[in-house]
Amino acid sequence: MRRGLLGSTVVVLGVVALSHFVQVRYEDRIVPLSTAPEAPVAVVFGAGLAPGGVPSAVLAQRLDMAISLWKAGKAQAVLVSGDNSDRFHDETRAMRRYMLERGLPEQAVLGDDSGLSTYDSCVRAFSVFQVRKALLVTQRFHLPRALYIANSVGMDAWGVAADEGQPSTKRYAVREMFSRVLALAMVMLDLEPAYPAARAPSAER
């Protein structure tokens, strides 16, 4: 019993340590909008749709920050990366529509409908869309993992929190701890995304 307890303790400590490593690895690259470096592209990660096929509140927050970055001249274009594996759940189309309705020109909004995960979005941004420097836009809790993946696959990535200036939340703490460890493993194994990185983006996008 003691041996099993010791083994469990070691596993838990290992998960915590690896998660912490990912969390702090690129922490200095999380910057406010006002001091964000200029980049050719701001990458926005999908976060689900609300009834009616419109961006969820969390996703709308990300899109609003990306719009602010574009209007401030911090990003020349925005790459929205989402999941449309279900014909009734097309995140990328909803994200593009949201931005176009708020004044961004069509040529400034790129779309990747094969961004099924944070890892896939980062790998495809680098390999398919040839993004070499980018501002990643998502909530503060998610940025460490996104930055770790993006910089590890070769991007010069900085992060701007979509919830900048708002109280931090512990809601996703446990899930994110395990997700960071999974991200570390995927980077170390150099996994291909669900759709091969060489696959061209949808012509509609």
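Since every read-out is calculated from the coordinates, none of them should be taken as a lab result. Only a predicted model underlies this, so the values are computations on that prediction, with no experimental measurement involved. Reconstructed Cβ throughout: ideal geometry from the backbone, glycine too, with neighbour counts over all protein chains shown.
Are there any helices in the chain, counted as whole DSSP H runs, that stretch 30 Å or more along their axis by Cα and score at least -1.0 on average by Kyte-Doolittle, and if so which?
Answer set is 2-25.
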Legend entry - Amide H contacts of Leu49 (H built 1.01 Å from N, under 5 Å, at least 5 apart or other chain): Ser56
Inset, instruction - Enter the Cα centre distance for the pair the range 106-180 and the range 52-80, rounded to the nearest angstrom. - result: 13
Inset, instruction - Would you please name the trypsin sites (Lys or Arg not before Pro) within the range 14-87 that are DSSP coil residues with at most 11 other C-beta atoms within 10 Å of their C-beta? - result: Arg87
Legend entry - For the chain, radius of gyration divided by Kirkwood radius, i.e. Rg to Rh on alpha-carbons: 1.00
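Mean separation of Cα pairs under 8 Å and 6+ residues apart, divided by the residue count of the range 2-189: what relative contact order is that in percent?
27
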Inset, instruction - Determine the sum of side-chain charges near Met155: Lys and Arg each +1, Asp and Glu each -1, restricted to other residues whose C-beta is under 9 angstrom from that of Met155. - result: +1
Inset, instruction - Quick one: what are the phi-derived ³J(HN,Hα) couplings along the range 45-50, Karplus 6.51/-1.76/1.60 with θ = phi - 60°, whole Hz, x for glycine and proline? - result: 8, x, 8, x, 10, 8
Legend entry - For Met155, distant residues with modelled amide H under 5 Å away: none
Legend entry - Under-5 Å amide H pairs with Ala77, H placed in peptide plane, nonlocal only: Val41, Ala42
